[in-house]
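Notes follow once the structure below has been shown.
Throughout, read-outs are computed from the coordinates displayed, never taken from laboratory work. What you see is a predicted model, and the numbers here were worked out from it, not measured in a lab. Quick reminder, even Gly has a Cβ in these numbers, built from the backbone with ideal geometry, and neighbours come from all protein chains shown.
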Amino acid sequence: MLNRIILMGRLTRDPELRRTQNGIAVTSFSLAVDRDFKSQGGEKETDFIDIVAWRQTAEFVSKYFTKGRMAVVEGRLQIRDWKDREGNNRRSAEVQADNVYFGDSKRDSAPGGYDAPPAYGVPASSFNQAPSGGYGAPVSEPSGFAELDSQDGELPF
């Protein structure tokens, strides 16, 4: 059986970091996720999805994410039964986040530089490396290669 969900949307509020009685970090937030199609009226509809993250992921989200930031959440859907104040049975759907990634750069959402790691769990040593099979932006470290200018003639390949 499989229960896997991947969502991309914007935070509708700042994450709330709390701790359980045992000191385990938990944060909750909500994502606004646009649907891929328009309604009969021609307008895009949006779903507001509750997300819960635990432990290091919760601390990461509460430290680096704020209202309006684009986030990619990977996790599982959980249905929770509960009773309201009047004793009525209620049911809620929420996503238990396993991983949370930035869906935009800080440059896109706020003035200033980008000073946070790209995702929880990514080693700092891999920030300036190109992904396998893809192109990475030039890094400032010396690589042993010299840049060719137009006067160097033909390329050696």
Order by protection proxy (mean Cβ within 10 Å, highest first), peptides 64-72, 11-19: 64-72, 11-19
Sites Gln21 and Asp47, calculated FRET efficiency, Cβ-Cβ separation with R0 25 Å, nearest 0.05: 0.15
Label-to-label distance, nm, for residues given as Met1 and Arg76 (7 Å Cα→Cβ offset): 0.9
Inter-probe distance in nm under a simple model that places probes 7 Å from Cα toward Cβ, at Met8 and Asn99: 1.4
Ascending count of other beta-carbon atoms within 10 Å, so fewest first, for Val95, Val52: Val52, Val95
Residues Ser105, Ser92, Ser30, Ser62, sorted so that the one with the fewest Cβ neighbours within 10 Å comes first: Ser92, Ser105, Ser30, Ser62
Footprinting exposure proxy for Ile5, Ile49 (fewest neighbouring C-beta atoms within 10 Å first): Ile5, Ile49
